[in-house]
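Report on the following structure.
Bear in mind that the values in this text are calculations on the coordinates, not laboratory data. Every value quoted in this text rests on a predicted model; they were computed, and no experiment measured them. Don't worry about glycine lacking a Cβ; one is built from the backbone with ideal geometry, like all the others, and counts go over all protein chains shown.
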Amino acid sequence: MAGSEFHVGRTKVCLVQGDITDMDTDAIVNAANSTLMGGGGVDGAIHRRAGPRILEECRRIRAEEWPEGLPTGKAVITSGGNLKAKRVIHSVGPVWRGGSQDEPKLLADAYRNSLRLAVSNGLKSVAFPSISTGAYGYPIEQASRVALNVIREFLEREDKLERVVFVLFTKEDLEIYEKAAKHLCPSERQP
Ligand code: ADP
């Protein structure tokens, strides 16, 4: 599999090209929408492959915790259904509206809250898609810098995760994340 890796503290960060539904990490993160009822892109692929059980869990979460929908930047966790991953963390990234509507902060919140949930559930490995850069239109060069920056900040303070993986769907997207990693993390990179 194409890709690259580096460490932040004790955590290995991997950038790979692939389909996130193939990942065998403890959790995969879903770029969900606030309804939590499924959708296109990663969301559709995850629900298709995981089966109906996680939709049932999402329904319960909506009814019990978020009747108005999950707000942008927040995250919730379900089982993994039929996926190899044991759990799915559903997080809502921001829709890109030109960059002046708090999009970078909301995107960082989505990553940070997903990482917090992984840690509080005792998980050791988690895989992320490129949140918000599909249907939500966030320019991927900017999103990749936000994503890698927040993950670095989080992992500098928290050493319970062994592995964080970014799964990029295309070779072009992988190259953009690799370029962002080079510029953001020079002091952290280890062979
Ligand atoms: P959003 O609505 O947050 O923009 P999307 O699912 O539309 O979410 O897209 C987010 C990113 O995920 C895009 O870069 C898209 O190419 C990518 N993507 C779509 N399907 C998959 C998949 N099965 N595995 C990994 N990445 C995927």
Next on the checklist: Taking 35 Å as R0, compute the FRET efficiency from the Cβ-Cβ separation of Ser100 and Arg53 and round it to 0.05.
Outcome noted: 0.30
Item to check | segment 1-61: trypsin sites (Lys or Arg not before Pro) falling in loop per DSSP and having at most 14 other Cβ within 10 Å | outcome: Arg10
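State which helices in the chain qualify, where a helix is a whole DSSP H run, it must extend 24 Å or more along its own axis by its Cα atoms, and its mean Kyte-Doolittle hydropathy must be at least 0.0.
On the way: long enough: 103-120 (25 Å, -0.17); 140-157 (26 Å, -0.02).
What comes out of the filter, once short or polar helices are dropped, is none.
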Checklist entry - At what distance in nm do the modelled label points of Lys171 and Lys124 sit from each other, each positioned 7 Å from its Cα along Cα→Cβ? => result 3.4 nm
Checklist outcome for this item: Per-residue Cβ contact counts at 10 Å, fewest first, order Ser100, Ser4 as Ser100, Ser4
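Given a cut-off of 20 Å, what percent of all Cα-Cα pairs of segment 49-191 lie beyond it? Mind dumping the intermediate values first?
Working: 5159 of 10153 pairs.
Percent of Cα pairs beyond 20 Å in segment 49-191: 51.
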Checklist entry - Using the count of nearby Cβ atoms within 10 Å as a rough guide to exposure, how do Ser120, Ser79 rank from fewest to most? => result Ser120, Ser79
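Mind sorting Met23, Met37 by how few other Cβ atoms lie within 10 Å of their own Cβ, fewest first?
Met37, Met23
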Checklist entry - In terms of modelled amide H atoms, which long-range or inter-chain residues lie less than 5 Å from the amide H of Ala75? => result none
Next on the checklist: Please enumerate, by chain and number, the lysines with C-alpha under 17 Å from the C-alpha of Lys179, excluding those fewer than 8 residues away in the same chain.
Outcome noted: Lys171
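Which FRET efficiency, nearest 0.05, do Ser4 and Glu64 yield, Cβ-Cβ r, R0 30 Å?
Numbers: r = 41 Å, r/R0 = 1.37.
About 0.15, to the nearest 0.05.
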Next on the checklist: I want to verify a result. In a Gaussian network model of the chain, Cα cutoff 10 Å, which of these has the top mean-square fluctuation: Glu65, Glu57, Glu175?
Outcome noted: Glu65
